[in-house]
Each structure stands twice: as structure tokens, then as C-alpha cells.
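Notes follow once the structure below has been shown.
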Amino acid sequence: MPNHLVRTLARALAARAADLLPPALDPRLRSQRMNLPAIDRAAHRLIGSPTVLVCVGSGLSAESGVPTFRGPGGIYSDAEIAHLTHVDTFESERERGHMLHWYQERREQLHTIEPNPGHHALIGLAQTGDYTIATQNVDHLLEAASDQAGFRPAIYHLHGSLLSVRCHECDYQVEDLHLDLREQPRCPRCQGPLRPGVVWFGEALPEDTLGKSMKLAQEADICLILGTSGLVYPAAALPETAKRFGATLIEVNPHLSALSDISDIVIRGKTGEVLPVLLRRVEELNRG
């Protein structure tokens, strides 16, 4: 048989064989299929209206185009950005302008990003039980998803919000995305410098928000850990506290984290892919 006919026949047989292979052998489905038992175990823990503390990291917003912070390739690995997120930089008159310019660009990004399926599924899950969300994210995508669903669970912003602007010297604070930080505005009350309403490295987390979150960690039946490296404290202490007080820890993360070893159920995958599947399974089980 001529060589070109042999090659043609071989290609045809290979294509036919691929059609006959079970779907589980498709590499695109393999990771999802392998995670289904873990998703099912998690869903069984989440039925029946449990008390759930959700600890959210930057991985939840990654699929909306917001860079992760400390994950693989995260922006904190950039030395300049690490410098721009420290309070000492703002307190330097010489460096303040550059810092505010960078933050204003991030504030303007809020006009262009949208919640992804992970945000929407989390809000859906929150309607199946007693959920409270403690987020390290500053982007307000969870609030946007809540508004679209017509349901808003309690959401605690551990690291503040880019939507807000506050005075560095007094307690003045306002939500105003139209205010341009590049102009280095001053506080209308005390004339102190205005800044983004986020928590920088070198600063303490909001005492009230952290205290409420820590209390919930001690009371929760379940701690759902979404897209966080588990490296940033004191936020990382919330799942650890929940574990110490008897909660079941469920982690959803495509990567190994500092919290994987103490988690009872680990689901490897992106939150935008895993959470919609988890929500559907919880709803199925709740329907009986």
C-alpha cells in the first residue's frame, strides 16, 4: 500500500478511536471529573442551612480580570507594587503622587470589570444557608453580583474598599469613584490628605470588621475558603480559628495554599468553574 494511503488510513483510525474514548479521558474534563467527588462531599456538608463563614481571596476575582495578589504570578511579587501598597510610601511627600496615580488607575478599573460566575454562584449559595462573607478583595464585585441577584448577604471587607476614599488623618470617609486621587485632594474637614479606603501593609485591619469576622469563625459550622493563599495575616487566622473551634474547612483553589493541609475537603479548580457546580449540587440535595 502506498505510504500516503497508509498515513491517511492511520489518521482516520486515530480520529475514530478518539470518538470512541470515554469522556473522562478528555484532558479538558479530567480535572473537573476528578473533582466531582470532592464537590459532592462539600455539597453534602452545605445542605440544611448551616452557618457558613466564607473567606475570600483574590482568586475569586481573577476570572474577572483582577490580578491575584500572592498567588503564582501575583502582583505582590513585583517589588514596585509591594512598595506602592505600604503605608510608608504614602507618608513620603516625594512618593505620594506616584502611589495615588497607581491607585486611581485601579479605581477606574472598577468601571470596566464585571462579576464572574464564581461571584454569582457564591451569592446563590448564600441564599441556601446562613452565610457571612469575609473578603480580602477591595473591588466590590460581590456587591455587584448581589445587586443583580436582589439578595445581599453580610459582606465584611477586611482590607477596605477601592470604592471609598478616606482621610489619612481623621475619620472622614466617602464612597466616590468620581474623585480623582491623582489630583491629591484634601479632606473637607481637616485638610488632611485623602487616600484610597484600603488597608495598606503596615496598617491594622478595621477593628470592628475583624472582631465580627473572628467571632463568626468561632461559631461557624463550615468555613468555605475561596481563592486565598492563606499567607496574609490576620485574615489567614480566620480559617485557622474556625478549624480550632470545630468547623469543617472546605477549600476551593487551583493551587496548593498554606491552608490546604488543615482543610477537610480540598477542591482543586478555579472558583468560577467549581462554585456553579457546587451550587447546583447543593440545590439538588436541598430539593431532596
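The values are calculated or read from the model by the stated rules, or taken from the named source; none is laboratory data. All values derive from a computational prediction rather than experimental measurement. Quick reminder, even Gly has a Cβ in these numbers, built from the backbone with ideal geometry, and neighbours come from all protein chains shown. All accessible areas refer to the heavy atoms of the entire protein, side chains included, with ligands and DNA or RNA removed. Shrake-Rupley method; radii C 1.70, N 1.55, O 1.52, S 1.80 Å.
Sequentially through the range 187-200, phi angles give Karplus couplings (6.51, -1.76, 1.60; θ = phi - 60°) of 5, x, 8, 10, 6, x, x, 7, 8, x, x, 10, 9, 8 Hz, Gly and Pro residues having no value and appearing as x. Peptide packing: for 204-211, 246-253, the average count of neighbouring Cβ atoms within 10 Å per residue gives the ranking 246-253, 204-211, highest mean first. Ranked by the mean number of other Cβ atoms within 10 Å per residue, highest first, peptides 96-102, 272-278, 52-58 order as 52-58, 272-278, 96-102. Each residue of the range 88-105 was assigned a 3J(HN,Hα) from its phi angle through the Karplus curve 6.51 cos²θ - 1.76 cosθ + 1.60 (θ = phi - 60°); the sequence is 4, 5, 5, 7, 9, 3, 5, 9, 4, x, 4, 5, 5, 4, 5, 6, 5, 4 Hz, with glycine and proline shown as x.
Amide H contacts for G197 (H built 1.01 Å from N in the peptide plane; partners 5 or more residues away or on another chain; cut-off under 5 Å): S161, S164, V165, R166.
Sort the range 100-220 into rounded, prolate or oblate with this rule: let a ≥ b ≥ c be the square roots of the eigenvalues of the Cα gyration tensor; rounded if a/c is under 1.5, and if a/c is not under 1.5, prolate when a/b is larger than b/c, oblate otherwise. It comes out oblate by the Cα gyration axes. Length available on full extension from K212 to E80: 0.36 nm per residue minus the Cα-Cα distance, which gives 44.2 nm.
The calculated FRET efficiency for the pair N286 and E95, based on their C-beta separation and a Förster distance of 51 Å, comes to about 0.45.
Of H111, H168, the order by accessible heavy-atom surface (1.4 Å probe, DNA, RNA and ligands excluded), from most exposed downward, is H111, H168. Over the range 206-277, the hull volume per residue, using the convex hull of the C-alpha atoms, is 90 Å³.
The HN-Hα couplings worked out from phi for the range 262-276 by the Karplus form 6.51 cos²θ - 1.76 cosθ + 1.60 (θ = phi - 60°) are 9, 7, 7, 10, 10, 10, 7, x, 6, 4, x, 9, 6, 4, x Hz, whole numbers, x standing for Gly and Pro.
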